[in-house]
Structures are given as structure tokens and as C-alpha cells.
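Contents: one structure, followed by commentary.
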Amino acid sequence: MNFLEENINLFRMVNDLGKQYPYLNPTMVFIAEFTVYFLVLGVIFIWFTRNKQSRMMIVCATITFVFAEIIGKIAGKFHSNNQPFAELANVNKLIEKAVDNSFPSDHTILFFSFCVSFWLFRKGWWFLWVILASLVGISRIWVGVHYPADILVGAIISIISSSIVYLVVPKLSLIQKLLGGYAKCEKLLLSPLTKSKGNRSKNY
């Protein structure tokens with residue numbers, strides 16, 4: 001059995017679960033479609049904790065995503081395939097998706113870039129972010145818009161990219177200076193608001 005056949009067989013194995021357990025389909029659709037909004041909210045919340053390490057983590061995750069996405073686009077030039085629902089019969093397609101090159105998965109690259117970066121910086125329970133990224137990848141197969149190879153290659157690209165960025169970027173003086181400059185500007189902008197709140201509290 002060659003790689004392409006194995007890829008299709010693994011896809012069928014996961015995608016057919018939606019036919020066997022239809023009560024799980026709404027959950028998988030939610031994970032596949034809407035978890036990205038929770039990721040965005042999580043990134044915004046972490047950034048505005050105003051913790052230096054947290055901000056470095058977000059910067060590294062963002063650089064990882066850009067780096068991994070570029071590598072993904074290059075990989076897509078060497079191999080391409082449309083979504084499973086556009087190439088195979090009897091696919092359990094649960095969400096709408098335009099037909100294009102689905103290799104590798106952009107969704108997977110996004111989630112693994114941020115979630116693996118979070119774990120590298122924080123360790124411990126932050127590994128739950130990596131589990132979330134894995135669930136998102138599985139859900140994209142479940143709903144019929146990606147092959148396992150799309151997910152696997154996207155995850156590998158992001159894991160390698162996040163590891164390199166984690167080891168290199170925090171040591172760059174330019175990044176340190178930019179974060180320091182941003183923190184100073186933020187402090188200047190927020191200080192009038194802080195003072196006005198302090199004055200109001202004194203009046204009461």
C-alpha cells in the first residue's frame with residue numbers, strides 16, 4: 001500500500017466516524033470552525049497581562065506562524081491536492097469550504113504555531129494548548145476538508161518552526177528593544193488614565 005492509499009484510508013477512518021457517531025458532529029464542527037476565535041481572544045488576553053515573558057511568547061508565536069506559513073506555501077508548490085470532498089465520493093462534508101490546495105493545512109499551521117510556542121515558554125499545564133491544536137487538526141479531517149497528511153505536515157512544519165524561533169528570537173537584542181519600546185509607549189499612553197482613576201477614587 002502506497003502513501004496516497006494510506007492517506008485516503010486514514011481519512012476514511014476518521015471522517016466515517018461522523019457517520020457512525022452523528023451526535024458528535026456539532027462538537028467537531030464547532031472545533032473546526034470557531035475555536036480560532038478563542039485562540040485570538042486568548043492571544044489578546046495574554047498580551048494585555050503586560051507580562052514581559054508573555055509578550056515575548058506572543059511575538060515568538062506570531063513569528064513562528066509567519067515562518068511556518070511561508071514554508072507551508074513552498075511545500076504546497078511541490079505537492080498539492082484539493083480537499084477530500086472535492087476528490088473522493090461519499091465524504092461526510094460538514095462545513096462549507098472553497099476548493100483549493102489543502103496541503104498543508106493553514107488551520108493546523110496556525111494552531112500548532114501558537115499552541116506549541118505557548119507550551120515551550122510555559123511548560124506544565126500549557127500542554128493542553130497542544131492537545132487543543134491536535135483536536136483542531138482531527139476535527140478538520142472529521143468534517144471532510146483535510147487529509148491526514150495535510151494535518152501532519154502542517155503540524156511538523158509548525159513544531160520545527162516554533163522550536164527554532166523559541167531558541168533564537170528571545171536572544172535577539174532587536175526584539176528585546178522593540179518590546180521595551182512598546183512597553184514604554186504603552187505606559188505613557190495609559191498613565192493619564194491611571195491618574196484620572198486615582199483622582200476619582202480619592203474624591204469618593
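The values are calculated or read from the model by the stated rules, or taken from the named source; none is laboratory data. Remember, it's a predicted structure, so these values are computed and weren't measured experimentally. Here the Cβ is made from the backbone with ideal geometry for all residues, glycine too, and neighbour counts use every protein chain on show. Ligands, DNA and RNA are stripped out before the accessible areas are found, and what is left, the full protein with its side chains, is counted by its heavy atoms. Shrake-Rupley method; radii C 1.70, N 1.55, O 1.52, S 1.80 Å.
Of everything in the stretch 69-101 that is acidic (Asp, Glu) and part of a loop (DSSP other than H, G, I, E, B), the residue that is nearest to PRO26 (Cα to Cα) is GLU96.
Considering only residues of the stretch 156-194 that are among the small types (Gly, Ala, Ser) and touching a Phe, Trp or Tyr at 6+ places or on another chain (Cβ under 8 Å), which is nearest to VAL14 (Cα to Cα)?
SER158
Of all residues in the stretch 7-40 being more than 15 Å from ARG140 (Cβ to Cβ), open to solvent by 80 Å² or more (accessible area, probe 1.4 Å) and without any contact (Cβ under 8 Å) to a residue 12 or more places away in the chain, which is farthest from the chain's Cα centre (by Cα)? Top of the filtered list is GLN20.
Per this entry, ALA86 is counted among residues that are surrounded by 16 or more Cβ atoms within 10 Å (Cβ to Cβ), free of Cβ contacts under 8 Å to residues at least 24 places away in the same chain and out of contact with any Asp or Glu (no Cβ under 6 Å at 6 or more places or on another chain). Going by what's in this entry, would SER105 be described as farther than 18 Å from ASP16 by Cα and touching a residue at least 24 places away in the same chain (Cβ under 8 Å)? So SER105 passes the test. Taken over the stretch 102-119, the criterion of being of a type outside the set (Gly, Ala, Ser) and assigned to a loop (DSSP other than H, G, I, E, B) is satisfied by PHE103, PRO104.
Flag not set for VAL153, criterion: in a loop (DSSP other than H, G, I, E, B) and in contact with a Phe, Trp or Tyr (Cβ under 9 Å, 6 or more places away or on another chain).
Every listed requirement among (1) more than 30 Å from LEU188 (Cα to Cα); (2) buried (at least 17 other Cβ atoms within 10 Å of the Cβ) is met by PHE114 save one, (1). The residues of the stretch 117-162 that are open to solvent by 60 Å² or more (accessible area, probe 1.4 Å), touching a residue at least 60 places away in the same chain (Cβ under 8 Å) and basic (Lys, Arg) amount to a single one, ARG122. Filtered by the rule that a residue be in a helix (DSSP H, G or I), surrounded by fewer than 14 Cβ atoms within 10 Å (Cβ to Cβ) and not β-branched (Val, Ile, Thr), the stretch 163-175 gives LEU167, LYS171, SER173, LEU174.
The set of residues in the stretch 41-56 being open to solvent by less than 50 Å² (accessible area, probe 1.4 Å) and not polar (S, T, N, Q) consists of GLY42, VAL43, ILE46, TRP47, ARG55, MET56.
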